[in-house]
Amino acid sequence: MDLNVTGAKIYCYLFGNQNLPITETLVNTWIAMAIIVGVCIYLTHHLSVRPTSKRQLVAEYLVGMVTGLVHNNMGKKWSGFIPFIAAIFSMSAVDNLMGLTGAFSPTCDLSTLLAWAIVVFVLITYWKIKTNGFGGYLKGYFDPIPVMAPLNVISEVATPVSMAFRHFGNIASGTVITLLLYSALEAVNKLLFGLIPGAVGQVLGTIPFLATGIPAVLQIYFGVFSGLVQPFIFCMLTMLFVAQAGE
């Protein structure tokens, strides 16, 4: 196996001319899944009927929180969606928080969110067909008048696409803003300390005094606050659209 590293992409050449691209997004997604599985195993290890450990109390709290979220927004008949919503929320949150460690966040890759949006689109379509029948599903595109069919098709496709771009835009924009601010402060730092004559100014200009602290605060905001809000919004929209499709 010949590994050729190019930027954030590693190509694993297998079976002659065939190749399997393993991107940084894919690797970090696997890492996020491993973290989630590890946390689940840790929290659910040695459970008892009556909680006797803080670990089990945390596990029950998380399960109760997701259960309440689904029941309050979709109804108790949708209890089967609890694992799915928990998986989407946990994956999105862990992916977003990975940015705080300096690692590339998989949610900064639009392909990740489009894949999630496609899954949601399939669920919405499935429940519409199951509830109204295939004929009723097709008929819905011609409501209220047949001439609206093209617009209804666009609206149907735009729903998951808008969910993906909303999530991607908020996470990616936070990363871009932080990098731009860091670069700007670093440039100002060099400019100001460069006014000091001699070697002292040159040495001080290489130390990012101004770029220390401020970008970190913004990174915490975009990484923690927005990183937890966006999964919540994505899950809320998923529950809303799926529940409406099943009515």
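The values are calculated or read from the model by the stated rules, or taken from the named source; none is laboratory data. All figures in this text were calculated on a predicted structure; none of them were measured in a lab. Every residue, glycine among them, receives a Cβ derived from its backbone with ideal geometry; neighbour counts consider all protein chains shown. Ligands, DNA and RNA are stripped out before the accessible areas are found, and what is left, the full protein with its side chains, is counted by its heavy atoms. Shrake-Rupley method; radii C 1.70, N 1.55, O 1.52, S 1.80 Å.
Figure legend. Inter-residue proximity from the range 38-63: first residues on the phi > 0 side of the Ramachandran plot, second residues surrounded by 11 or more Cβ atoms within 10 Å (Cβ to Cβ) and assigned to a loop (DSSP other than H, G, I, E, B), beta-carbon distance below 8 Å, spacing 6+ or different chains. Indicated pairs: 46/53. Checking each residue in the range 105-140 for being open to solvent by less than 70 Å² (accessible area, probe 1.4 Å), hydrophobic (A, V, I, L, M, F, W, C) and touching a helix residue (DSSP H, G or I) at 6+ places or on another chain (Cβ under 7 Å) picks out 108, 110, 113, 114, 116, 117, 120, 121, 123, 124, 127, 129. Taking the range 88-109 as the range and being free of Cβ contacts under 8 Å to residues at least 12 places away in the same chain and in a helix (DSSP H, G or I) as the test, only 101 passes. The combined condition, being modelled with pLDDT of 90 or more and either under 23 Å from residue 157 (Cα atoms) or out of contact with any helix residue (DSSP H, G or I) (no Cβ under 6 Å at 6 or more places or on another chain) (or both), is not fulfilled by residue 74.
What do you reckon, is residue 81 surrounded by 13 or more Cβ atoms within 10 Å (Cβ to Cβ) and touching a residue at least 60 places away in the same chain (Cβ under 8 Å)? The answer is yes for residue 81. Among residues of the range 176-190 that are more than 22 Å from residue 226 (Cα to Cα), those with a beta-carbon under 6 Å from a residue that is of a type outside the set (D, E, K, R) and open to solvent by 70 Å² or more (accessible area, probe 1.4 Å) at least six positions away or on a different chain give the pairs 189/209. So, in the range 1-32, of the ones that are hydrophobic (A, V, I, L, M, F, W, C) and open to solvent by 80 Å² or more (accessible area, probe 1.4 Å), which residue ends up modelled with the highest pLDDT? Per the criteria, the residue is 30. Just one residue in the set 67, 52 is assigned to a helix (DSSP H, G or I) and either open to solvent by 70 Å² or more (accessible area, probe 1.4 Å) or not aliphatic (A, V, I, L, M) (or both); that residue is 67. When residue 38 is tested against (1) open to solvent by less than 40 Å² (accessible area, probe 1.4 Å); (2) under 22 Å from residue 240 (Cα atoms); (3) at pLDDT 90 or above, only condition (2) is not met. The residues of the range 56-73 that are aliphatic (A, V, I, L, M) and closer than 19 Å to residue 41 by Cα, listed by number, are 57, 58, 59, 62, 63, 65, 66. For residue 194, the stated conditions do not hold, so it cannot be described as surrounded by 14 or more Cβ atoms within 10 Å (Cβ to Cβ) and either modelled with pLDDT under 80 or among the charged types (D, E, K, R) (or both).
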